[in-house]
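Asks: Below is the structure I would like to discuss, written out as structure tokens.
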Amino acid sequence: MRTIVIIVGGLVILGLFALAGWRLGGGAQSMVIATKIFIPVWLVAAVINMWIGVSRAGYSVAEELPIFSVIFIVPVAVAVFIWWKYS
């Protein structure tokens, strides 16, 4: 359940980035730039989530790595789709 909440949160953050790029930059190209910025920001957020799972929840890195992959890949796949669609 927590994984789904984090993925949805990532998609919401991606939407905010895309909306901010669209509104502040004035078009699709700015939205593409915003989605490019989102990817490293989301990587940091996913790594922090993994670190919390390992250090505080007591999971091993091997247990946490598949969850990290899903949490990172789903929002980034949507970001890459937006990048591709509006480039």
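The values are calculated or read from the model by the stated rules, or taken from the named source; none is laboratory data. Because the structure is predicted, anything quoted here is derived from the model rather than measured. Cβ sites come from the backbone with ideal geometry, for glycine too, and all protein chains shown count toward neighbours. Surface accessibility is based on the protein's heavy atoms, side chains included, excluding ligands, DNA and RNA. Shrake-Rupley method; radii C 1.70, N 1.55, O 1.52, S 1.80 Å.
Asks: What's the number of the only condition in (1) more than 17 Å from the chain's Cα centre (by Cα); (2) of a type outside the set (Gly, Ala, Ser); (3) part of a helix (DSSP H, G or I) that ILE67 fails to meet?
Replies: The failed condition is (1).
Asks: Let me ask something else. May I ask you to list the residues in segment 18-34 that are free of Cβ contacts under 8 Å to residues at least 24 places away in the same chain and either open to solvent by less than 30 Å² (accessible area, probe 1.4 Å) or part of a helix (DSSP H, G or I) (or both)?
Replies: If the condition is that a residue be free of Cβ contacts under 8 Å to residues at least 24 places away in the same chain and either open to solvent by less than 30 Å² (accessible area, probe 1.4 Å) or part of a helix (DSSP H, G or I) (or both), then LEU19, ALA20, GLY21, TRP22, ARG23, LEU24, GLY25, GLY27, SER30, ILE33, ALA34 are the ones that fit.
Asks: Mind telling me which of the residues ALA45, ALA62 ends up being over 19 Å from ILE13 (Cβ atoms) and either under 13 Å from the mean Cα position of the chain (by Cα) or not charged (D, E, K, R) (or both)?
Replies: ALA62
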